[in-house]
Amino acid sequence: MSDAELVLRSTRVITPGGTRAASVAVAAGKITAVLPYDAEVPPGARSEDFGDDVLLPGLVDTHVHVNDPGRTEWEGFWTATRAAAAGGITTLIDMPLNSLPPTTTVAGLRAKQDAARAKAHVDVGFWGGALPGNVEDLRPLHDAGVFGFKAFLSPSGVDEFPELDQEQLARSLAEIAGFGGLLIVHAEDPRHLAAAPQKGGRKYADFLASRPRDAEDTAIGNLVAQAGRLGARVHVLHLSSSDALPLIAAARADGVRLTVETCPHYLTLTAEEVPDGASEFKCCPPIREAANQDLLWRALADGTIDCVVTDHSPSTADLKTDDFATAWGGISGLQLSLSAVWTEARRRGHGLEDVVRWMSSRTAELVGLGDRKGAIEAGRDADFAVLAPDETFTVDPAALQHRNRVTAYAGRTLSGVVKSTWLRGERIVAEGGFAEPTGQLLTRRP
Ligand SMILES: [Zn+2]
């Protein structure tokens, strides 16, 4: 056995080469070797055997709204990172909006880092934001270590984070491409939204009609055209419209540097089952029909969609009114994402290796952490989740660590119970008990 302070064994360890019985040796917070299951534990090393529970790399969730500082009553770093840990997520990248200030200046980034530092139960990194008029802030934010820049093309939901028009998008994208950065985009076209019927009220069908697929398709088409022209690297956030898949595939074939994510709620919940007035299901773009969902799964399977992230975006319960037009748009799923996706993935014939690829390896690669996170192999951080894939549980909002226990998954029975989560070789949660926070603040590596 090579250098080891800790040896973790399971009959099912998910490695880049497949799932097998193995012993994972850990020293100084890193994986030092992946060895046969019966490898000898060196004298003085601790060891733990998880039996048939699966050892998988800790998930990397690159789309989380923590809202701290400024709207911590919606979500804060303490609660969000505990929820993440409880759900098998060991790295999260925080979105630049809904906190006050937003992360659109270096000072805003420092405020975020200060808010997170003592509260992070998992590793935390930050996206910056591209607004009209902050082009001069982008390079300093990049140099200060944000992983890329988020932009909206339609209203974001908060006044301090306005959207870019096409000309502003071109300017920001040119600047970001100039220093080799990444632009991540909420892609809904404002003209198509304005042209859609805006009825408001309690009916989910009316809300769905107010956020049509062609708003996504058009915005993605425009983004792809601009990215292609500039040679810029872009990422489509929370894809919901399956109608955009052919143009995404075509853009990739043309050499556009494009990646795409979708979210657990688009993959596991359908418009047909959303009760009227149930705005815990409201997000933008919206949860669409079952037939649309089938095509998103197919696109995950064939690689047109790269990864799955939560887009955890809570608010206080009072903002989740029963009028879909005015209720806060955002779904809380941080703690449940692994089980929700696994439940549906399994039903559709996918393995846990696929889920790990979508929720850990590919997301780590998206933010340039692909050599440090997202896989169980020598040299990576010793970040793990231990999952009992066949155990089920019924979602009880009271058991969630989210600050506001409003969730679209309430009452659902999900497969896959996270038994423990490990960060750099230390157990950070097991059986509902949490260790003191040891998460690190991550910055993009130059
Ligand atoms: Zn979001």
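The values are calculated or read from the model by the stated rules, or taken from the named source; none is laboratory data. What you see is a predicted model, and the numbers here were worked out from it, not measured in a lab. Methodologically, a virtual Cβ is constructed for each residue, glycine included, from the backbone with ideal geometry; neighbour enumeration extends over all protein chains shown.
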Subject >> Residues of the range 198-235 classified as surrounded by fewer than 19 Cβ atoms within 10 Å (Cβ to Cβ) and acidic (D, E), total >> reply: 2
**OP:** Kindly list, by first and then second residue, each pair from a residue in the range 43-63 that is assigned to a strand (DSSP E or B) to a residue that is among the small types (G, A, S) and within 16 Å of the ligand (Cβ to nearest atom), limited to pairs with Cβ atoms under 6 Å and residues at least 6 apart or on different chains.
**Re:** none
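Can you tell me which of T81, T72 is of a type outside the set (K, R) and part of a helix (DSSP H, G or I)?
It is T81.
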**OP:** Keeping to the range 241-252, report how many residues are more than 18 Å from C263 (Cβ to Cβ) and either touching a Leu at 6+ places or on another chain (Cβ under 8 Å) or part of a loop (DSSP other than H, G, I, E, B) (or both).
**Re:** 2
Original post:
Taking the range 173-197 as the region of interest, how many residues are crowded, with 22+ Cβ neighbours inside 10 Å, out of contact with any helix residue (DSSP H, G or I) (no Cβ under 6 Å at 6 or more places or on another chain) and not hydrophobic (A, V, I, L, M, F, W, C)?
Top reply: 1
Original post:
Quick one: how many residues across the range 307-319 are within 16 Å of the ligand (Cβ to nearest atom) and over 22 Å from the mean Cα position of the chain (by Cα)?
Top reply: 1
Subject >> Subset of the range 56-73 [of a type outside the set (V, I, T) and crowded, with 24+ Cβ neighbours inside 10 Å] >> reply: L56, P57, G58, L59, D61, H63, H65, N67, D68
**OP:** Examine the range 36-53 for a residue that is more than 16 Å from the ligand (Cβ to nearest atom), closer than 23 Å to S420 by Cα, in contact with a helix residue (DSSP H, G or I) (Cβ under 8 Å, 6 or more places away or on another chain) and among the β-branched types (V, I, T), and state whether such a residue exists.
**Re:** no
Original post:
Looking at T343, is it assigned to a helix (DSSP H, G or I) and within 16 Å of the ligand (Cβ to nearest atom)?
Top reply: no
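Between P132, P155, which is in a loop (DSSP other than H, G, I, E, B) and either within 15 Å of the ligand (Cβ to nearest atom) or of a type in the set (V, I, T) (or both)?
On the way: P132 fails: either within 15 Å of the ligand (Cβ to nearest atom) or of a type in the set (V, I, T) (or both).
From the options P132, P155, the qualifying one is P155.
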**OP:** List the number of the failed condition for R9; all other conditions in (1) away from the ligand (no atom under 16 Å from the Cβ); (2) assigned to a loop (DSSP other than H, G, I, E, B) hold.
**Re:** (2)
Original post:
Right, H238: in a helix (DSSP H, G or I), buried (at least 21 other Cβ atoms within 10 Å of the Cβ) and within 16 Å of the ligand (Cβ to nearest atom) or not?
Top reply: no
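Okay, residues lined up against (1) modelled with pLDDT under 95; (2) farther than 30 Å from R357 by Cβ; (3) not assigned by TED's automatic domain parsing to the domain that holds V308:
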residue: D189; (1), (2), (3): no, yes, no
residue: H192; (1), (2), (3): no, yes, no
residue: K199; (1), (2), (3): yes, yes, no
residue: L223; (1), (2), (3): no, no, no
residue: L237; (1), (2), (3): no, no, no
residue: D254; (1), (2), (3): no, no, no
residue: R257; (1), (2), (3): no, no, no
residue: C263; (1), (2), (3): no, no, no
residue: E272; (1), (2), (3): no, no, no
